[in-house]
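Everything on this sheet refers to the single structure shown next.
Nothing in this text is a laboratory measurement; each read-out follows from the coordinates by a stated rule. If you're wondering where the values come from, they're calculated on a predicted model, not measured in any experiment. Don't worry about glycine lacking a Cβ; one is built from the backbone with ideal geometry, like all the others, and counts go over all protein chains shown.
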Ligand SMILES: [Zn+2]
């Protein structure tokens, strides 16, 4: 298979468990329960505001979500908390794969699919 999305070395992506994340629902739940995903964003936002002494308004309510975005590891499609999209992430939420790439490469990399509720947060 000759696919531009596979140009970079991605062997470390084999045999991973990936968790299906649906936005914006995942964010809504995170915000409501102030769960680990929310706290992660909050930490980064606070760090940014403290070090730059700007952007205080983003710490108010749901605007804090704009401190977070990720890209699909393969095609660079952007994941946002307020955009309707489905992404898959690994257990520590450091790597994200868009829905299309997930389905295209699922068998190649032998991924196991789990739901967001199973995330080890
Ligand atoms: Zn992708």
Residues of region 110-121 classified as surrounded by 17 or more Cβ atoms within 10 Å (Cβ to Cβ) and within 16 Å of the ligand (Cβ to nearest atom), total: 1
Residues located in region 51-93, provided they are closer than 23 Å to residue 3 by Cβ and either outside any loop (DSSP other than H, G, I, E, B) or free of Cβ contacts under 8 Å to residues at least 60 places away in the same chain (or both): 70, 71, 72, 76, 77, 78, 79, 85, 86, 87, 88, 89
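Applying the selection to region 94-104, what residues are near the ligand (Cβ under 9 Å from one of its atoms) and under 19 Å from residue 7 (Cβ atoms)? It would help to see each step written out before you state the result.
First, pick out the residues of region 94-104 that are near the ligand (Cβ under 9 Å from one of its atoms): 96-102, 104.
Result: 96, 97, 98, 100, 101, 102, 104.
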